[in-house]
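Have a look at the structure below, then the notes.
The values are calculated or read from the model by the stated rules, or taken from the named source; none is laboratory data. Just so you know, these numbers come straight off a predicted model, no measurement behind them. Here the Cβ is made from the backbone with ideal geometry for all residues, glycine too, and neighbour counts use every protein chain on show. We work out accessible area using only protein heavy atoms, side chains counted, and drop any ligands, DNA or RNA first. Shrake-Rupley method; radii C 1.70, N 1.55, O 1.52, S 1.80 Å.
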Amino acid sequence: MSIISFQTRYNQRPHSGLRSAFSQVLERLNQIWWGPPGLPVQLRMEQRFVALRYMSVLFVAPVLPLLDLSVQQLVAAYTLLFFFFIYNFGVQTLIRRHSIWISSGYITSVGDGFSTIMMVFIGGGFNSAFYMTLFGTTVAIAMRYGYGLSMLVAGTYILLDGVSPVIYGTARPGTSGDFFFRSGFLVLVAFLGSYLRAQAYAAEVALAQQLNRASALNESTRALNASLQLDTVVRAVAAEARRLMEAEAVALKLDPEFSGRTVYDLSSLPSDDLQPQACQMMLNTLLAANVSDDQPAVKMGLTVDGRWYIVAPLQNRGGMSGYIAVMRAKGQPAYAQPDAALLTSFIDRAILAIENAGLYKTIGDRRQELQRAYAELATAHQELLCVDEMKTNFIANVSHELRTPLTSVRSFSELLLSFEVDDTTEREFLEIINTESERLTRLINDVLDITKIESGQVAWHMKQLNLADLLQISARTFAPLVEKKGLQFELVLPDRSVQVCADSDRVLQVLANLLGNAMKFTPQGTITLSAEVAGDVVLIHVRDTGIGIAPADHERIFEKFQQVGDTLTEKPTGTGLGLCICHDIVLHHGGELWVDSELGQGSTFSFSLPIASSPVLIAA
Ligand code: ADP
C-alpha cells in the first residue's frame, strides 16, 4: 500500500507532469502525422500537411513578438494564426469525413495561398521576411498537385506583388528589380517542385506496373502448374500468354519432341474485321517467318494491317521447344521492350511446365510399355509352365503306356518259361505277347512320329497326287478288315478328278488312323470313306455309325494321350496319340481336321486338303 502511494506521488511530481504532457503532445502529433489507417496516397500527403500546418502555428506563434511588428500588426497576425488553426482543423475533419473535397487540392491550395498572402500583407508586404512563406506554399502545392495549381498560385502571388504598391498606396521606386528577382524564383520553384512531382509520379507508376506484371506473371505461372497433362498445359500456356500480354490471339508451335502441334488461343470477341481462320493464318505467317530464321530471337513488330505482335522462341538450356506468337487487336497500344521481357520471363516458366508435362507423359508411356512387357512376360512364363507341364505329362504318359504292354510281355513270357503249359494255353499266351508287342511298337512309332513332327525333323515328300488313287489304296486295305468285323464299307469318290499336293505316306497314315478308329468304335453298321470338292479345297470324310463322341470331348480327343471313356475299366486299344498326329500332318498340308459327332449317333471325322492348283497352295 505504501509502495503504491509512493509511486503515485512520485509519478505526480511537477517535473514528471511536464514530461508526460510533452509526450502526449508528441503522441497527438504522431497521430495527426499518420492520420487514420487506410488513407489513399494523395490524402496521406494532405494529412502530413495538416501536421505541418499545426507545427508552423507552433513555430510562428512564439516568434511573432520577436519580429519588429506594431501592436496592430501583432493582433492581426495572431488573429490570422487563429483562423489558420481553425482552417487546418477543418481540413483535418474533411479528410476523415469528405475526403473527396480535399483530394482535388483546390481547397487546401486556396486556403494555404490565402493564409500566406495575408501573413505577407500583415507582416510588412512582399519585401518583408514573410515573403519566404510564399516559397514554402508554392513548393508544397507544386509537389502535391503539379504544374497547373502551383503555377496558378505563383501567378496570383506575382500579380498581388505587382499590384501591392497600389494597395499600399505608395509607389516604391527601386523595387522593381526585387520584384522580378523574387517572382522569377517563385516561378522557378513552382516549376522545379512540379517537375520533381512528375518524376516521382512516373517512378511510382513504373513501379506499380512492374508489380502488376510480376503478380500477373505469378498468377499465370500458377495456372500453368495446375495440370501435368501435356495437352492441357500447352493450352494453358497459350491462354495465359494471351491474358498476360493483353493480346487478341496467340499461337504456340511446338517442336516434334513435344507433339509438333500448333495450338491457338483466340479472343472470344475477335475484332470485327478479323475472323478466327484469318487470324490463325496471320499467326502462322508470323511463326513461319521466324521458324525459318537461323538465329532464334524475340521479334516485335507491326503487321501490314496495323496489329502489334511479338514472336519469341521457346528456348531452354537443352535447345528449342518451339515458338510463340502473340498479336494484339488493331488500334491497341504498341508492344515495347518491357512487354518482350515479360513474355520472355513467362516463356521460361512455360517451358518448365511443358517439359514437366512432357516428362510426365514419357514416364506414363514407359510405365505402360513396362506393364505391357510385364504382361507379355507373365503370359510367356505361363506358356512355358504349360509346355513344361505338358512335357512332364507326356513323359509320364509315355512311360505309363510303355510299362503296360511290357508288363504283359514279361509276365506271359515268364509263365511260359517257368511252367509246362498245354499247346492251347501256350498259343494263347504267345498271342497275348504278340498283341502287346505290336501295341508297344505302335506306341513307340507314334511317340517317335509326334516328336519328329513337332520338332520339325520329318522329311516331307510332297508330290502332286490324284486323290482318288489315295482313297482307293486306303479302301483296298481297310475294306476286307471292316467286312471281316461284320461291318459294311462304302467309298464315295468326288465326281471329278482332284489333284492334291501331298506326302502320300502321311495322308495314308491319317486315313489309316481315322478308319482304324472308326472300326474300333463301331460295333455295327457302316463305315464310309468319301471326298467332295468345296471351292479351293477337297474335303475327305470318314463316317461311322459307332458309339459317337460327346460334344464336350470334341476338342480334347485331338490332344495327346486323350482317350474318351473310362480308361480304367475299358482298356483302350490305342495310344491316344493317333488324332494328334493326324492333326499335325493335316496342318502341315495347309488343311484342317475336325469332328462332327453325337454320343450314340456315330462320328464323322473330316479333313481338308488344298487342291493342287488352288491359290492357297501356290501361295504356301
Ligand atoms: P487312340 O489310339 O486311343 O484311338 P486317338 O487319338 O486316335 O487315340 O483317339 C483318341 C480318342 O478319341 C479315342 O480313344 C476315342 O476315345 C476317341 N475316338 C477317336 N475316333 C473315334 C470314333 N470314330 N468314334 C468314337 N470315338 C473315337
**OP:** Give the range 513-568 a look and list any residue that's in contact (Cβ under 8 Å) with a residue 40 or more places away in the chain, β-branched (V, I, T) and surrounded by 15 or more Cβ atoms within 10 Å (Cβ to Cβ), or say none.
**Re:** T522, I527, V537, V538, I540, V542, T545, I547, I549
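Residues in the range 342-353: is at least one among the polar types (S, T, N, Q) and part of a helix (DSSP H, G or I)? Before you say what the answer is, go through the steps one by one.
The first filter runs over the range 342-353 and keeps only residues among the polar types (S, T, N, Q), leaving 344-345.
When the remaining residues are screened for being part of a helix (DSSP H, G or I), the result is 344-345.
Checked the range 342-353: at least one residue is among the polar types (S, T, N, Q) and part of a helix (DSSP H, G or I).
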Original post:
Is there a residue being open to solvent by 70 Å² or more (accessible area, probe 1.4 Å) and modelled with pLDDT of 85 or more anywhere in the range 4-25?
Top reply: yes
Original post:
Could you give every pair whose Cβ atoms fall below 8 Å, whose first residue belongs to the range 415-442 and is farther than 23 Å from L402 by Cα, and whose second residue is surrounded by 13 or more Cβ atoms within 10 Å (Cβ to Cβ) and not aromatic (F, W, Y), counting only separations of at least 6 or pairs across chains?
Top reply: V421/L415; E426/L416
**OP:** Answer yes if at least one residue in the range 108-128 is at pLDDT below 90 and surrounded by fewer than 14 Cβ atoms within 10 Å (Cβ to Cβ), and no otherwise.
**Re:** no
**OP:** Need at least 1 residues that are of a type in the set (D, E) and farther than 13 Å from L609 by Cα per element, so show me which strands (runs of 3 or more DSSP E) inside the range 453-503 make the cut, counting only ones lying wholly within it.
**Re:** 488-492
**OP:** Taking K330 as meeting all but one of (1) on the phi > 0 side of the Ramachandran plot; (2) open to solvent by 60 Å² or more (accessible area, probe 1.4 Å); (3) touching a Leu at 6+ places or on another chain (Cβ under 8 Å), write down the number of the exception.
**Re:** (1)
Original post:
Is one or more of the residues making up the range 168-181 assigned to a helix (DSSP H, G or I), open to solvent by less than 40 Å² (accessible area, probe 1.4 Å) and touching a residue at least 40 places away in the same chain (Cβ under 8 Å)?
Top reply: no
Original post:
Does S56 satisfy the criteria of being open to solvent by 30 Å² or more (accessible area, probe 1.4 Å), closer than 28 Å to G155 by Cβ and small (G, A, S)?
Top reply: yes
Subject >> Residues that are assigned to a helix (DSSP H, G or I) and closer than 24 Å to V304 by Cβ, drawn from the range 239-281 >> reply: A241, R242, P276, Q277, A278, C279, Q280, M281
Subject >> Residue list for the range 513-548, restricted to those being farther than 21 Å from G591 by Cβ and either of a type in the set (G, A, S) or away from the ligand (no atom under 13 Å from the Cβ) (or both) >> reply: Q524, G525, G546, G548
**OP:** Please specify each residue of the range 470-506 satisfying the condition of being buried (at least 16 other Cβ atoms within 10 Å of the Cβ) and within 16 Å of the ligand (Cβ to nearest atom).
**Re:** S474, F478, V482, L487, F489, R506
